[in-house]
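Colleague: Below is the structure I would like to discuss, written out as structure tokens.
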Amino acid sequence: MNSASTVISVGQLLESAAYLEATDSARLADAFRFSDEAHLGQLRQSGEPYITHPLAVAEVCSSWKLDCDALIAALLHDTVEDCGVSLQEVAERFGPEVSSLVAALTKLDRIQFQNREEAQAENFRKMFMAMAEDVRVILIKLADRLHNMRTMAAIAPDKRVRVSRETLELYAPIAHRLGLNEVFREFEDLCFSGLYPTRYQVLYRSLKAARGNRKEVVGRLEQSIREHLPRSGLTAEVSGREKSLYSIYLKMREKRLSFAEVLDIYGFRILVDAPSDCYLALGALHALYRPSPGRFKDYIALPKSNGYQSLHTVVIGPYGTPIECQIRTHEMHRVAEAGVAAHWLYKEHASSVTPLQQKAHEWMQSLLQSRSGDTGNLIDHVKIDLFPDVIYVFTPNGEIRELPRGSTPIDFAYMVHTDIGNRCIGSSINNVVKPLDTELRNGDVIRIDLGEEAAPHPGWLSFVKTAKARAEIRHNLKNATRERTISFGQRMLEDALGSMGAGGIGDANLQWSQLINEAAAKDQEGILESIGLGHLLANVVARRLIPVDTPNAPRRLTPIAQRALALSIEHLMQPELGITINGSEGTAVQYASCCYPIGGDNAWGHMRGGAGLLIHRASCPTARRQRTKDRARWADVVWGDTLLREFETHLDIDVTNSPGTLAKVAAAISARQANIIDLTIEPRAGGLATLHVSIEVRDRTHLADVLRLVRRSAAVTRAARRTRNTS
């Protein structure tokens, strides 16, 4: 069935599924009658009876020789969603396995989502979860989308564009990833027609006209190859291979070629009986025509991730004509065209899993590692892993690993094991220490250095390539950030309780259960996290926790204040107590870019609801202005005895603009172990200049040491910390 006008009958379906047993054929006919009754009166947008769609989907599945349960599920895949048929009814009539397949294929249209993207992400999550258990789910889904694409001429142009784009970005690559190359190519051409109908028609007519002119050349080349191979003792099947319209369009666009230039490249496929014959045919072909350097790929020794195996070579034919040749066995060709459907996994024969099925299963499982909390990122994860241009690298033990091109040592580490990725602190490539963002190449040997206390860095997300690495990094950072926020909130509450004469947060007298109910929190950690994020004020929480009859207990909150506590908008009389900062708070504490406070500064902290604590220098005009409006959310900052981070600060250094001055200033800063993160030069009149330098220091004492040494340089006329950001 290759056109929208072709409507299949149940007789044709049964003929296509003639490989089934007689009892299965009877079940299939019964399923057709059930589906026909369920869809009675329903029409497709083309005006055809709706039953023509499930029939066509089942016929596509039968061309892949799927079993009877899969074909029945294809016939019934829309009955639960569109016709009010229950899964229990399907299970009672056709068995639990069919019901399970239909359930997996049913969309999530009964759940309310915020937007179409979220609904789509959930649909894909459900589909991947189901297909990780049973590959038939995705095969039926692909057949469903294929028929919808073949018949999309009847739908509105805007919907046609949206469906075509979605198919091109997700369904086509999934088909390719599973080795369904024939479906993949048809998807591409159908999407090309849906997205760019005018360009499609122009290329289609041009290709049709060019076929006659090319026929003679293709025939001569094919004949010469067919006559030459038997001289090497080979029995081979040779055929010309025409590029798809979309691949022609892509090559024209990417390489800026004309249609005639693309058509100057001829493609042939050579099928032989055994893998060893592939290499004999390659030698014979290279003896007939000169090979093009650097254009040979051995996908037999190193199969693609979708199981594809073949030898690819480009030779220079008569008159300098490039000839692309694929050499493979008949079995390899069957897998290349039908992929995982060429020998799909019968559950009753689950022990005989093929390497292709195993790879497909591993890939589908890896997609589910995107974590349930990251639903919105699922489609991005799928796109990252779909159909990559792969490289092959090695572990120090010589084990081969396949990664998308552009992958880094971090991607490699997470592929080997999640724990190795999380603890990665460095890498060596081919026994040479390299940065973690180094792009890996074919044949590299990678060794990962580990640290016991190491943790993923947010910066890794800017260069990792694989979905697994990205998902694991996000998951780890999310958990680590919450832990730091809870720890910070606990420290603030401990300080507040201590100032009121109460014990620590574990004091049995504290009224935790009442507070958790009033603040609508899940548990004690939820309260501490809210304090760390600035939703709740520590002194208000402390006052609510201490029982009224406790000696020196603060005045109990009024009902109005209690409601304000739950809503996180308290405006109480007493100011917040001092907050101790030691630099370990992570994202729960931020440092204002208007004044760049550093350890030791006289500073204030501003509790921003939901955004944590923002620290300003006490001299900052912005802080002073905002503090007068809502003093309840401001607190004095007390710096810890030991600071566990470095702080960004900015210097303005006036110098004589002479050779070597910049080097001397930079050397003075480095001599005091301060890191320069940015430097700009502002020329001034009279041979002078001002250096605007951003550096990282531990505290005010460290900054004073840096300035003292910088001022000793004869070229420096003035060096001072910038009082506020002027950018």
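Colleague: Tell me which of these Thr649 doesn't satisfy, since it passes every other one: (1) in a strand (DSSP E or B); (2) of a type in the set (S, T, N, Q); (3) exposed (fewer than 14 other Cβ atoms within 10 Å of the Cβ).
Modeller: (3)
Colleague: Within region 693-727, track down each residue that is in a strand (DSSP E or B) and under 39 Å from the mean Cα position of the chain (by Cα).
Modeller: Matches in region 693-727: Val693, Ser694, Ile695, Glu696, Val697.
Colleague: Checking Ser513 against (1) free of Cβ contacts under 8 Å to residues at least 12 places away in the same chain; (2) in contact with a Leu (Cβ under 9 Å, 6 or more places away or on another chain); (3) of a type outside the set (Val, Ile, Thr), only one condition comes out false. Which one?
Modeller: Going through the list (1) free of Cβ contacts under 8 Å to residues at least 12 places away in the same chain; (2) in contact with a Leu (Cβ under 9 Å, 6 or more places away or on another chain); (3) of a type outside the set (Val, Ile, Thr), Ser513 breaks only (2).
Colleague: Another question about this same structure. Which pairs turn up if I take residues in region 244-256 that are of a type outside the set (D, E, K, R) and look for partners that are open to solvent by 100 Å² or more (accessible area, probe 1.4 Å) and assigned to a helix (DSSP H, G or I) with beta carbon separation below 8 Å, at least 6 apart in sequence or on another chain?
Modeller: Going by the 8 Å Cβ cut-off, the qualifying pairs are Tyr249/Arg199.
Colleague: Now a separate question. For region 194-211, which residues satisfy the criterion of being assigned to a helix (DSSP H, G or I), within 21 Å of Arg150 (Cβ to Cβ) and of a type in the set (Ser, Thr, Tyr)?
Modeller: Within region 194-211, Thr198, Tyr200, Tyr204 meet the criteria.
Colleague: Considering only region 468-504, state which residues are closer than 30 Å to Pro404 by Cα, small (Gly, Ala, Ser) and modelled with pLDDT under 80.
Modeller: Within region 468-504, just Ala480 meets the criteria.
Colleague: Can you tell me which residue is nearest to the chain's Cα centre (by Cα) among those in region 147-182 that are open to solvent by less than 10 Å² (accessible area, probe 1.4 Å) and among the β-branched types (Val, Ile, Thr)?
Modeller: Ile174
Colleague: Quick one: Leu691 ticks every box in (1) of a type in the set (A, V, I, L, M); (2) closer than 21 Å to Ser593 by Cα; (3) at pLDDT below 90; (4) surrounded by 14 or more Cβ atoms within 10 Å (Cβ to Cβ) except a single one, so which number is it?
Modeller: (3)
Colleague: Hey, another quick one. When you go through Ala632, Ala668 one by one, which is the residue that is in contact (Cβ under 8 Å) with a residue 40 or more places away in the chain, part of a helix (DSSP H, G or I) and touching a His at 6+ places or on another chain (Cβ under 6 Å)?
Modeller: Only one candidate qualifies: Ala632.
Colleague: Please specify each residue of region 464-488 satisfying the condition of being open to solvent by 50 Å² or more (accessible area, probe 1.4 Å), under 20 Å from the mean Cα position of the chain (by Cα) and among the charged types (D, E, K, R).
Modeller: Matches in region 464-488: Lys465, Arg474, Lys478.
Colleague: If I ask for residues that are outside any strand (DSSP E or B) and either of a type outside the set (D, E, K, R) or open to solvent by less than 20 Å² (accessible area, probe 1.4 Å) (or both), which ones from region 652-665 would you list?
Modeller: If the condition is that a residue be outside any strand (DSSP E or B) and either of a type outside the set (D, E, K, R) or open to solvent by less than 20 Å² (accessible area, probe 1.4 Å) (or both), then Asn657, Ser658, Pro659, Gly660, Thr661, Leu662, Ala663, Val665 are the ones that fit.
Residues checked against (1) surrounded by 15 or more Cβ atoms within 10 Å (Cβ to Cβ); (2) not in a loop (DSSP other than H, G, I, E, B):
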site	(1), (2)
Val393	yes, yes
Pro396	no, no
Leu403	yes, yes
Ser407	yes, no
Phe412	yes, yes
Ser427	yes, yes
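Colleague: Which one of Ala70, Ala91, Ala74, Ala119 is modelled with pLDDT under 85 and assigned to a helix (DSSP H, G or I)?
Modeller: None of the other options fit; the residue is Ala119.
Colleague: Please determine, by comparing only the residues of region 225-257 that are farther than 16 Å from Lys208 by Cα and among the small types (Gly, Ala, Ser), which one is surrounded by the fewest Cβ atoms within 10 Å (Cβ to Cβ).
Modeller: Ranking the candidates gives Gly233 first.
Colleague: Assuming Ile420 fulfils every condition listed in (1) modelled with pLDDT of 75 or more; (2) surrounded by 19 or more Cβ atoms within 10 Å (Cβ to Cβ); (3) of a type in the set (A, V, I, L, M) apart from one, which condition is it?
Modeller: Of everything listed in (1) modelled with pLDDT of 75 or more; (2) surrounded by 19 or more Cβ atoms within 10 Å (Cβ to Cβ); (3) of a type in the set (A, V, I, L, M), Ile420 misses just condition (2).
Colleague: State whether the residues of region 47-66 include one that is in a helix (DSSP H, G or I), at pLDDT 90 or above and more than 25 Å from Ala154 (Cβ to Cβ).
Modeller: Taking every residue of region 47-66 in turn, none turns out to be in a helix (DSSP H, G or I), at pLDDT 90 or above and more than 25 Å from Ala154 (Cβ to Cβ).
Colleague: Right, here's the next one. For region 429-463, how many residues are open to solvent by less than 20 Å² (accessible area, probe 1.4 Å) and at pLDDT 90 or above?
Modeller: 3
Colleague: Which ones in region 279-325 are within 32 Å of the chain's Cα centre (by Cα), crowded, with 17+ Cβ neighbours inside 10 Å and touching a residue at least 60 places away in the same chain (Cβ under 8 Å)?
Modeller: Once the filter is applied, which keeps residues that are within 32 Å of the chain's Cα centre (by Cα), crowded, with 17+ Cβ neighbours inside 10 Å and touching a residue at least 60 places away in the same chain (Cβ under 8 Å), region 279-325 yields Lys304, Ser305, Asn306, Gly307, Tyr308.
Colleague: Now a separate question. Got a sec? Which of Leu285, Leu271 is modelled with pLDDT of 80 or more and part of a helix (DSSP H, G or I)?
Modeller: Leu285
The values are calculated or read from the model by the stated rules, or taken from the named source; none is laboratory data. Nothing here was measured: the structure is a model prediction, and the numbers come from that model. Methodologically, a virtual Cβ is constructed for each residue, glycine included, from the backbone with ideal geometry; neighbour enumeration extends over all protein chains shown. SASA here: full protein model, heavy atoms, side chains in, ligands and nucleic acids out. Shrake-Rupley method; radii C 1.70, N 1.55, O 1.52, S 1.80 Å.
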